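The values are calculated or read from the model by the stated rules, or taken from the named source; none is laboratory data. These numbers come from a predicted model, not from an experiment. Cβ: placed from backbone, ideal geometry, glycine included. Neighbour counts: every protein chain shown.
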Amino acid sequence: MSALPAAVMEQARAAIDPTEDDRRIDTSVSCSRCDAVCCRLTVVVMPEDNVPEHLVDRTSQGLSVMARGEEGWCVAVDPLHLRCTIYDQRPGICRKFAMGSAYCRDERKKYREENARAIPLALY
């Protein structure tokens with residue numbers, strides 16, 4: 001059996017066994033001031049999740065995960081409003097992801113750093 005990618009293991013570990021820092025929620029963090037960074041993470045779909053099947057892919061390891069679009073976003077995200085289109089049916093791992101938690105803050109920091117290295121585009 002193949003090992004899971006480190007990022008998937010980290011996400012699962014954070015959801016199951018949060019650290020003390022993860023229990024501390026930074027209230028200055030808001031989803032409305034974010035690019036839905038958490039919606040670019042690998043989300044494992046568990047058997048008890050009620051996610052529409054057409055939104056689920058299988059990894060080479062046989063895991064059910066939320067499918068991603070060409071840009072890397074979860075296919076359930078409305079790209080215009082950056083909102084989950086299956087909010088009431090979203091996977092358990094998404095329900096447990098705490099806005100402003102250490103994991104959320106870390107992912108937002110990585111995303112900002114990654115985008116700071118990007119070449120800016122000018123539209124004419």
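I need a count of the residues in the range 80-89 that are under 19 Å from Asn50 (Cβ atoms) and either at pLDDT 90 or above or among the hydrophobic types (A, V, I, L, M, F, W, C) (or both).
6
Report whether or not Arg58 is modelled with pLDDT under 90, touching a strand residue (DSSP E or B) at 6+ places or on another chain (Cβ under 9 Å) and either more than 19 Å from Ile25 (Cβ to Cβ) or among the β-branched types (Val, Ile, Thr) (or both).
When the stated conditions are applied, Arg58 does not pass them.
Results for (1) in contact with a Pro (Cβ under 8 Å, 6 or more places away or on another chain); (2) of a type in the set (Gly, Ala, Ser); (3) at pLDDT 85 or above, shown as yes or no for each residue.
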position	(1), (2), (3)
Ala7	no, yes, no
Gln11	no, no, no
Pro18	no, no, no
Asp26	no, no, no
Val45	yes, no, yes
Asp78	no, no, yes
Pro91	no, no, yes
Cys94	no, no, yes
Met99	no, no, no
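Could you please tell me which pairs satisfy a Cβ distance under 8 Å, a separation of 6+ or placement on different chains, a first residue in the range 100-112 that is more than 12 Å from Thr27 (Cβ to Cβ) and in a helix (DSSP H, G or I), and a second residue that is modelled with pLDDT of 85 or more and not hydrophobic (A, V, I, L, M, F, W, C)?
Hits for this filter: Tyr111/Arg40.
Suppose we filter the range 65-95 for residues that are under 18 Å from Cys31 (Cβ atoms) and among the acidic types (Asp, Glu); how many remain?
Residues flagged as under 18 Å from Cys31 (Cβ atoms) and among the acidic types (Asp, Glu) within the range 65-95 amount to 2.
Filter the range 76-97 for residues that are more than 18 Å from Met46 (Cβ to Cβ), touching a residue at least 12 places away in the same chain (Cβ under 8 Å) and either buried (at least 16 other Cβ atoms within 10 Å of the Cβ) or acidic (Asp, Glu) (or both) and give the result.
Within the range 76-97, Val77 is the sole residue that qualifies.
Suppose we keep only residues that are of a type in the set (D, E, K, R) and in a loop (DSSP other than H, G, I, E, B) within the range 50-71. Which one would you say is surrounded by the most Cβ atoms within 10 Å (Cβ to Cβ)?
Glu71
Please find, within the range 101-124, the residue that is modelled with the lowest pLDDT out of those that are among the hydroxyl-bearing types (Ser, Thr, Tyr) and more than 12 Å from the chain's Cα centre (by Cα).
The extreme case among them is Tyr124.
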